[in-house]
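First the structure, in the form of C-alpha cells, and then the observations on it.
The values are calculated or read from the model by the stated rules, or taken from the named source; none is laboratory data. The shown structure was predicted, so the numbers you read here are calculated from the model rather than taken from an experiment. Note: ideal-geometry Cβ built from the backbone for every residue, glycine included; neighbour counts use all protein chains shown.
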Amino acid sequence: MEFDKLIQNLEKALKKPLPGREGQITMAPLPIDEERFIQSIRPDYRKGAVLMLLYPDLKKQAFVPFIKRPTYPGVHSGQIAFPGGKMEESDKDLSETALRETEEEIGVDAQKVELIGKLSDLYIPPSNFMVSPYIGFTLEKPEFSPDPEEVVRIINCPVNTLLDKSVRKTGTVQGSGGYRLKAPYYDIESEMVWGATAMMLGEFTYLWEQMDF
C-alpha cells in the first residue's frame, strides 16, 4: 500500500461515521461476548489509549508496528498489541496518552507523530479498561528503541498484509486465567494477533473495505 495514498484515503474515511461494533465484532473471540458492547461496563473502568502508527519504508510502502508484551502475571501477558497504556493524571487527554505511551514503549518521538483520527473506543472486560485507539503517522521510518520491560519484540507489518483476508484465521488461544477459547486472529509473522487488538483491526479493515476510494 502506497503510504501517501493510504494517508489521504484514511483522512477521508475517518471523517465519516465509524462502524464501531459492526467492525469490531468481526474479530471478537467466540462465542461473542455481548457484555463488551452493551452491558456490564463497570462504572469504575480505567481509561487507556493505543496508537496505530503508520510510516513509510524506503520504497514508500505503508507499515504499522506492533509490540509483543513480555510474559508477566497479567491479563495481557505475551500478547501482540499496539503501543499504549493507561491514562495518567498528567495527560491532558487520551491522544496525549497514546503518544506518550508510544514514545515510552518504542522510542518514537511524539513530536514527530501527526494524528489523523481515531477508531471507536473498546471496553476490555478482563482488565476493566476503556481503550481509545488513535491513528497517526510519521513521514519516515522511526528509529525504534523498545523498552525491554514493556516490549519483547517489535513487528513491522505492511498495511497490505492487514488488508489481506488470507491472514485472518480462527484458532485456539489462551485467555487470562489460563483458560482456552476459540478466537479469530491475524496471522502476522507467525504471531497470533487476537483479542482487543484484533477487534480494533477488525474495525479498521471493515472501514477500509466499505469505502469507495
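Quick rundown of the values:
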read-out	value
Restricting the range 161-213 to residues that are in a helix (DSSP H, G or I) and among the charged types (D, E, K, R), the residue that is farthest from Q79 (Cα to Cα)	E209
Filtered residue count, the range 90-105, keeping only those that are crowded, with 23+ Cβ neighbours inside 10 Å and either free of Cβ contacts under 8 Å to residues at least 24 places away in the same chain or of a type outside the set (S, T, N, Q) (or both)	4
Every residue from the range 138-181 that is within 23 Å of Q24 (Cβ to Cβ), without any contact (Cβ under 8 Å) to a residue 40 or more places away in the chain, out of contact with any strand residue (DSSP E or B) (no Cβ under 7 Å at 6 or more places or on another chain) and of a type outside the set (G, A, S)	D164, K165, Y179
Verdict on W208 being over 19 Å from I67 (Cβ atoms) and among the hydrophobic types (A, V, I, L, M, F, W, C)	yes
Candidates M27, M52, M87, filtered to the one that is crowded, with 17+ Cβ neighbours inside 10 Å, modelled with pLDDT of 90 or more and touching a Phe, Trp or Tyr at 6+ places or on another chain (Cβ under 7 Å)	M52
Criterion: loosely packed, with under 14 Cβ neighbours inside 10 Å, of a type outside the set (V, I, T) and either closer than 19 Å to I135 by Cα or at pLDDT below 95 (or both) - qualifying residue of S166, S190	S190
